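Heads up, the thing below is written out as structure tokens.
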Amino acid sequence: MKKSDIVKILKEKYTNIDSKEIKKVVDAIFDKMIEGLASGEKIEIRKLGTFKVLKRKKPLKGKKRVSYSKTVHFKPGKILKRAFKNMELK
């Protein structure tokens with residue numbers, strides 16, 4: 001699913017709202033999520049899961065020093081885990 005699919009689904013549900021306005025709202029949500037993660041905040045979306053920034057060690061080859069990088073980690077919530085449990089693999 002892409003962002004445009006989310007906009008389309010919302011447009012079908014909320015027919016009285018213009019597609020451009022729905023796209024603005026979806027963009028604003030994702031922008032705020034990015035801002036929050038960039039500032040080190042944890043984002044918890046009930047029924048879906050939690051996004052948080054983790055620091056990862058990257059050992060430098062042939063040297064005793066260690067470099068660090070940041071990555072976004074997603075931990076699925078209980079309802080999402082249950083949905084995967086019942087899903088057939090293709």
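Each reported figure results from applying straightforward, stated rules to the coordinates on display, with no laboratory input. Source: prediction; values computed, not measured. Methodologically, a virtual Cβ is constructed for each residue, glycine included, from the backbone with ideal geometry; neighbour enumeration extends over all protein chains shown.
Below, the figures for the structure above:
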| quantity | calculated |
| --- | --- |
| Long-range Cα-Cα pairs in the range 42-90 (distance over 18 Å), rounded percent | 54 percent |
| Kirkwood-type radius of the chain, with distances r between different C-alpha atoms, in Å | 16.3 Å |
| Inter-part distance where the range 12-36 and the range 51-72 are each reduced to a Cα centre, Å | 34 Å |
| Among Lys64, Lys78, Lys11, residue whose mean-square fluctuation peaks in a GNM of the chain (springs only between Cα atoms under 10 Å) | Lys64 |
| Gaussian network model of the chain, springs between alpha carbon atoms under 10 Å - residue of Thr15, Thr50, Thr71 with greatest fluctuation | Thr15 |
| Gain on full stretching of the segment that runs from Asp27 to Glu41 - 0.36 nm per residue minus C-alpha separation | 3.2 nm |
| Net length gained if the chain between Lys85 and Arg56 were fully extended (0.36 nm per residue, minus Cα distance) | 7.6 nm |
| With Cα atoms, 0 to 90° folded angle of helix 19-38 axis to the chain main axis | 20 degrees |
| Length-normalised contact order of the chain in % [C-alpha pairs under 8 Å, at least 6 apart] | 19 percent |
| Listed residues Lys13, Lys47, Lys32, most fluctuating in the chain (Gaussian network, C-alpha, under 10 Å) | Lys13 |
| P(r), alpha carbons of the range 1-41 - 5 Å bins starting at zero, rounded % | 5, 24, 25, 19, 12, 9, 5, 0 |
| Cα long-axis angle, helix 3-13 against the chain (0 to 90 degrees, to the nearest 10) | 30 degrees |
| Members of Lys47/Lys81; Lys32/Lys52; Lys2/Lys23; Lys2/Lys42; Lys32/Lys78 lying beyond 18 Å, as alpha-carbon distances in this model show | Lys2/Lys42; Lys32/Lys78 |
| The range 26-53 residues near the modelled Ser69 label - backbone nitrogen below 16 Å, point 7 Å along Cα→Cβ | 53 |
| Surrounding net charge for Asp18, when Lys and Arg each add one and Asp and Glu each subtract one, Cβ distance under 12 Å | +3 |
